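Report on the following structure.
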Amino acid sequence: MENLPVLSRSGVIILALCATLPFHGCGKRQPPATEAQPAMDLSKRFSLTTPGSPEPPERFLKIIRKGVRKDSLVLIAPSAITAPLFGLSGRRTLRFWAAPVFNIGDGVQMNVFLRRSGIRILVGSRYFDPGRNAEDRSWIPVSIALEVNEGDLIEIEASAGPQGDLTADWLALNSVVVAP
């Protein structure tokens, strides 16, 4: 005990501060507000919106493309489905997997709209031609940036290919979500 160094008052304060440093700033990082909001799954929110459509969309058929099977919502062209984006606003990303169900015909056109106050705003589109393009015979990831306002709706439309042939124009959608 006699050989212990004597600390000045400032030395004691510095020692106390150094002892508490490992405990400061080590809490869990709080994510920004956009990360805190989970992705919104739209799969069960869709309703048919095309008047005179041949059939309502088939829900959750098992579609296999290049050996990958996914439970899918299938649109039979010409048809469109709409889902509300309740509680969302700001920058978002619509993400899903899409695949034509058959490899015949002149292909199928997919258009994605944001519906705002009755106005359709085209936010993305993709032409699938699996009869002529082997890359279109598998599940294709789709990612579309959105600027969402409160009360907007998302609409996904399937229509005929460029020659207007509706033969086998079935479009499968899987894991449709709006993410921050």
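On the basis of being surrounded by 21 or more Cβ atoms within 10 Å (Cβ to Cβ) and within 19 Å of Leu48 (Cβ to Cβ), does Leu153 make the cut? Judged against the criteria, Leu153 is not a match. Among the residues making up segment 127-150, those that are surrounded by 14 or more Cβ atoms within 10 Å (Cβ to Cβ) and over 26 Å from Lys66 (Cα atoms) are Leu146, Val148. Exactly one residue out of Ala83, Ala33 is among the hydrophobic types (A, V, I, L, M, F, W, C), farther than 18 Å from Ala99 by Cα and modelled with pLDDT under 80, and it is Ala33.
Residues in segment 64-108 that are over 16 Å from the mean Cα position of the chain (by Cα), at negative phi and outside any strand (DSSP E or B): Ala77, Pro78, Val101, Phe102, Asn103, Ile104, Asp106.
The values are calculated or read from the model by the stated rules, or taken from the named source; none is laboratory data. In this text, all values refer to a predicted model and were calculated from it rather than measured experimentally. Positions of Cβ are backbone-derived with ideal geometry, glycine not excepted, and every protein chain shown enters the neighbour counts.
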